[in-house]
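The values are calculated or read from the model by the stated rules, or taken from the named source; none is laboratory data. None of these values were measured; they are calculated from a predicted model. Using ideal geometry, Cβ is built from the backbone for each residue, glycine included, and neighbour counts are taken over all protein chains shown.
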Amino acid sequence: MVDALHEIHRVLALGGLLVDARPDSRVLGHAEHVTAGGHRSVGTIRTARAELGNDRASDRAITRVKRERLFRSRRKGRFWHRVPFDGLAALQEYLREHLRFEHRVRWTAGTATRRRIKDDRFTIRRAVRYELLERVSGQT
Amino acid sequence: MSSTASDVGKHVPALASSLRPSAQDELAVWGGPRLVRGKRVLDLGCGDGRLALGVAALARTVDGLDPDPEGIAAARKRARDEGVGNARFEVGAAQSLPYKDGAFDVVISSWTL
C-alpha cells in the first residue's frame, strides 16, 4: 500500500492531486425499503472483518505518507451511494456474493413486515469517503 | 442510474461499475469538472473504465491502469465504442507504475486502495 503511494507520488507533478475514494467501513450500510415517501431502513449491513483490516491498512498507509510529507490533505468528506434491487431476494443474493459486506442483513424490520414487502423495491445505502491529497515536494 | 443488481448479474469486481456511483456524481462530490479539466489524469484500478471514460471529455489525456486484463479489455472496447480518443488503458499494478516521473496532474484511486 505504501509502495503504491510512493509510486503515485513519483508520477504526480508537484502540486498534483491524488483522489483517494473508497467505501467507508466505519459507517454501517443500510438495507432500505423504497416507499412512495422515500427510503426506510429495514436493516443494517456490516463490512466483512477481513475488509475492515484492509481498510485500516489503507488508512495507516495514507497517514504514513502524510507524515513523510509526501502528501498533504486538501479536502475530505463523505457521500452516500445507493444500489437498487428489484426485491428482497435480489438484495440478499447480492450480499451472498459480495466481497466487502457481511453476507447477511441484521434486520430491524420484523419477519412479517419483510414477508409483506419482499417484492417491493429495495436499496443498499453505503457511505463512501474521499480525500484530496496534494503532492508535495518530499523525496521517496 | 437505471440498472439494478439483477440487471447486471452476479457481482464481478472488475466489471461491476454499473453498481458504483456514476463518474459525474463522484466528480461533483470531489470538486467538480475543474478538478480534471485540461489535466493529465491517471485512473488507478480503472476496471472497465467507468471513471476514466467518464472524465475523458474534460481531461487533456486519461490513462487507466488495472491488474485485471478482462477489465482492461472491457475499458478499451468501451473507449472504441464511445469514440474516446484521449484515453489509454494498460494492464499493470499500482506498486510499479509504467509512467514517467511527474507524468500526471491528477491520480484517481476510486475504490482501489
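Does at least one position in the range B:90-105 carry a residue that is under 27 Å from A:R78 (Cβ atoms) and modelled with pLDDT of 95 or more?
Yes; the residues of the range B:90-105 include at least one that is under 27 Å from A:R78 (Cβ atoms) and modelled with pLDDT of 95 or more.
Does A:L18 meet the test of being more than 11 Å from chain B (Cβ to nearest Cβ), out of contact with any Ser or Thr (no Cβ under 6 Å at 6 or more places or on another chain) and more than 30 Å from A:E93 (Cα to Cα)?
Here the answer is no, as A:L18 does not meet what is asked.
Tell me which residues, restricted to the range A:101-117, are surrounded by 14 or more Cβ atoms within 10 Å (Cβ to Cβ) and touching a helix residue (DSSP H, G or I) at 6+ places or on another chain (Cβ under 6 Å).
A:F101
Evaluate the range A:111-118: report whether one residue or more is of a type in the set (K, R) and within 13 Å of another protein chain (Cβ to nearest Cβ). Walk me through it before giving the result.
Going residue by residue through the range A:111-118, those that are of a type in the set (K, R) are A:114-116, A:118.
From the residues that got through so far, the ones that are within 13 Å of another protein chain (Cβ to nearest Cβ) too are none.
No: the range A:111-118 contains no residue that is of a type in the set (K, R) and within 13 Å of another protein chain (Cβ to nearest Cβ).
What pairs come up if the first residue lies in the range B:28-44 and is more than 10 Å from chain A (Cβ to nearest Cβ), the second is in a loop (DSSP other than H, G, I, E, B) and at pLDDT 95 or above, and their beta carbons are under 7 Å apart, counting only those six or more places apart or on different chains?
B:P33/B:L58; B:R37/B:L58; B:G38/B:R60
So B:G38 ticks every box in (1) surrounded by 16 or more Cβ atoms within 10 Å (Cβ to Cβ); (2) not in a helix (DSSP H, G or I) but one. Which box is left unticked?
Condition not satisfied by B:G38: (1).
Anything in the range B:85-113 that is more than 14 Å from every other protein chain (Cβ to nearest Cβ) and either on the phi > 0 side of the Ramachandran plot or surrounded by 17 or more Cβ atoms within 10 Å (Cβ to Cβ) (or both)? List them, or say none.
Hits for the range B:85-113 are B:A87, B:F89.
Could you say which residue among B:R80, B:R76 is in contact with a Phe, Trp or Tyr (Cβ under 8 Å, 6 or more places away or on another chain), free of Cβ contacts under 8 Å to residues at least 40 places away in the same chain and over 29 Å from A:K76 (Cα atoms)?
Within the list B:R80, B:R76, the selection yields B:R76.
Given (1) under 24 Å from B:S22 (Cβ atoms); (2) in contact with a helix residue (DSSP H, G or I) (Cβ under 7 Å, 6 or more places away or on another chain), where does A:T47 come up short, assuming only one miss?
Evaluating A:T47 over (1) under 24 Å from B:S22 (Cβ atoms); (2) in contact with a helix residue (DSSP H, G or I) (Cβ under 7 Å, 6 or more places away or on another chain) leaves (2) as the failure.
Could you grab the pairs with beta carbons closer than 6 Å, sequence gap of 6+ or different chains, first residue in the range B:61-73 and over 17 Å from B:V107 (Cα atoms), second one crowded, with 24+ Cβ neighbours inside 10 Å?
From the range B:61-73, the pairs are B:G71/B:G47; B:G71/B:D48; B:I72/B:D66; B:I72/B:F89.
Of the residues B:A74, B:A59, B:A52, which single one is at pLDDT 95 or above, part of a loop (DSSP other than H, G, I, E, B) and crowded, with 20+ Cβ neighbours inside 10 Å?
Sole residue among the options that is at pLDDT 95 or above, part of a loop (DSSP other than H, G, I, E, B) and crowded, with 20+ Cβ neighbours inside 10 Å: B:A59.
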